[in-house]
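Read through the structure below, which is laid out as structure tokens, and then see the notes.
The values are calculated or read from the model by the stated rules, or taken from the named source; none is laboratory data. What you see is a predicted model, and the numbers here were worked out from it, not measured in a lab. When we count neighbours, we look across all protein chains shown, and the Cβ atoms used for this are built from the backbone with ideal geometry, even at glycine. Ligands, DNA and RNA are excluded from the accessible area calculation, which covers all protein heavy atoms including side chains. Shrake-Rupley method; radii C 1.70, N 1.55, O 1.52, S 1.80 Å.
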Amino acid sequence: MADNINIVEPPPRKQSEGEVKRKSVVNKPLELDDVLVNELGQFGFFQLRNILLVALPIIASAFMSEYIFSAAAIPHRCQIPECGENGKDFDYDPHWVLNAVPETSSGFSSCERYAPTGRNGSLLSCPANIFDRPNTVACDGFVYARDNSVVYDFDLGCQEWLRALAGTLSSVGTLLVLPITGFISDKYGRRMALIISVFNLALIGLIRAFSVNYTMYLVLQLLQTTLGAGTFSSAYIFAAELVGPKYRVITSATSSSMFAVGQVVLGGVAWLVQPWRYMIMALHIPCFLIIVYYWILSESVRWLLSKRKYVEARAVLENVARVNKTFISEKSMEALMNPPPVTQKVESNIVQTIFKSRVLLRRVCTTPIWWITTTFVYYGLSINSTSLSDTMYLNFILTCAIEIPGYATAVLILDRIGRKATLSGGFFLSAACNIAFAFIPSELNVVRLVIYLLGKFGISVVMTSLYLFTSELYPTEYRHTLLAFSSMIGRIGSISAPLTPALMEYWNGIPSVMFGVMGLLSGLLVLTQPETLGTKMPDTLAEAEALGRPESKLQGN
């Protein structure tokens, strides 16, 4: 190049924007991604081994949703002491039940019975004339259709909102865990964060199997997710931080698929191990084996470099080169071990910037709604799947398994038809299926199941696409903060989702209609934002505001 030729330079001239960018690229410090692309390999056997190893903790992180089965709603009715029922373990549907309990469209009432007159019958004969049938009273005790739930053990009949609180507290814990795991991960390393999270998940989950009352069960549910829900994020970091840029979307989809596999495993174990306490033990005891990862997994190179632990970082990089059968040059190694000093950047006021930019303000008001809808519908469909029919375990397994083709579809079409079409299409498909599901007659079991699964497929496509599209709408300076803000507000959806089964007391279709309306709203809001396919990631606010205009398109790239 001419840079190496000793010539007399012409008078200085103003550099074009393209020249400035090319010069900044030439002079930028060497980054780990550069070494992965050019020397170590973006995806070799070392990265594959890491992904296979962390697949187990990702699968285990799904086990914290076992409340879907251990706190499952079970059919119940009032005890009838006048006819010899003095406990929970009597025939749920005796031949005389409608003599004592009012009939409803779904069978008979769960929370009311006819008022007693003072006369008595027996378990064999409980005639209608011993009740004051024009009057009803609330239940004093309950008889349950089955006993495999905390609802039976802790006598939670007709306390549907209290039962649903288990799922809500679990989602609250996933919000509380973020600063805890973030602190441990940044200060003590990704590996330590993973081991601590898995240990807490396993230990607190195991203790919950011995809950003596519902309060203890709820407290342990909150503690488990607060101290153990960092398992997924910690494991995901190991999968993603050492793959090259070309493979990050696929790696992310693979990690999400492993979580879906974990949910399938959860459904299978719950199906095979029916007593809920034994089911919890069967899920959590094997998780203790993951503690050996402390001696198997190498610490994240990115974390080691950021903490200037160069001796350990060099050893890991040399191991990556050896396992991948590639190389890392001494020049690259030295560049990574001796980064240039970081210049302190003056932070601008993000709140003022948002309110000064109407484009940015609209996006900040829009993207959190996408996240709320996605988590609300995603978790709501998983939780409500157990009430589809009597085969609740199979329904749950199918509802979780359909996520895997949903993730794969998103990966295949995001770069072909665009972000907007993928995201809005996923929202609209899920919304249409949910609204239709609410009005399909209950006797059409197969049709209902197919429509339900298509709804989950649609929201799974959204789940994979959402992170990417949200990131591409914000400028580099505010991207992480505003993405985290959208995700945090989105937790409202996952916190609310476990409460939706309680709404079925008023009409079975209420949760599905809510999912559908939210999906329609978010799908329409997606259409208000610019397409980002074929555009460069905005570095400045001006570039972010220009998205959708011709100048934002990549030129020749």
Scanning the range 484-518 for residues that are under 20 Å from Leu468 (Cα atoms) and without any contact (Cβ under 8 Å) to a residue 24 or more places away in the chain gives Ala484
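Name the one entry in Phe210, Phe238 that is under 28 Å from Leu394 (Cα atoms) and in contact (Cβ under 8 Å) with a residue 40 or more places away in the chain.
On the way: Phe238 fails: under 28 Å from Leu394 (Cα atoms).
On inspection, the qualifying residue turns out to be Phe210.
Look through Val101, Val143, Val177, Val198 and report the one residue that is touching a Cys at 6+ places or on another chain (Cβ under 8 Å), closer than 29 Å to Gly490 by Cβ and surrounded by 19 or more Cβ atoms within 10 Å (Cβ to Cβ).
On the way: Val101 fails: closer than 29 Å to Gly490 by Cβ; Val143 fails: closer than 29 Å to Gly490 by Cβ; Val177 fails: touching a Cys at 6+ places or on another chain (Cβ under 8 Å).
None of the others qualify; the one that does is Val198.
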Any idea which of (1) assigned to a loop (DSSP other than H, G, I, E, B); (2) under 24 Å from Leu381 (Cβ atoms) is the one Leu242 doesn't satisfy? (2)
Among residues of the range 464-482 being at pLDDT below 75 and not polar (S, T, N, Q), the residue most open to solvent (accessible area, probe 1.4 Å) is His480
Got a number for residues in the range 74-93 being in a loop (DSSP other than H, G, I, E, B), surrounded by fewer than 18 Cβ atoms within 10 Å (Cβ to Cβ) and out of contact with any helix residue (DSSP H, G or I) (no Cβ under 7 Å at 6 or more places or on another chain)? 9
Hand me the list of helices (runs of 4 or more DSSP H) wholly inside the range 371-452 holding 1 or more residues that are farther than 15 Å from Leu468 by Cβ, among the charged types (D, E, K, R) and touching a helix residue (DSSP H, G or I) at 6+ places or on another chain (Cβ under 7 Å). 403-417
Looking at Ile440, Ile459, Ile495, can you tell me which residue is in the same structural domain as Val364 (by the TED database) and in contact with a Lys or Arg (Cβ under 6 Å, 6 or more places away or on another chain)? Ile440
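For the range 107-120: of the residues being part of a loop (DSSP other than H, G, I, E, B) and touching a strand residue (DSSP E or B) at 6+ places or on another chain (Cβ under 9 Å), which is surrounded by the fewest Cβ atoms within 10 Å (Cβ to Cβ)?
The first filter runs over the range 107-120 and keeps only residues part of a loop (DSSP other than H, G, I, E, B), leaving 109-111, 117-120.
Narrowing further to those that are touching a strand residue (DSSP E or B) at 6+ places or on another chain (Cβ under 9 Å): 109-111, 117, 119.
Working: Ser109: 18, Ser110: 19, Cys111: 17, Thr117: 13, Arg119: 10.
The extreme case among them is Arg119.
Residues Phe259, Phe199, Phe210: which one is aromatic (Phe, Trp, Tyr) and outside any helix (DSSP H, G or I)?
Within the list Phe259, Phe199, Phe210, the selection yields Phe210.
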List the pairs whose first member sits in the range 350-363 and is closer than 13 Å to Thr528 by Cα, whose second member is open to solvent by 50 Å² or more (accessible area, probe 1.4 Å) and part of a helix (DSSP H, G or I), and whose Cβ atoms are under 6 Å apart, counting only residues at least 6 apart or on separate chains? Val359/Glu545
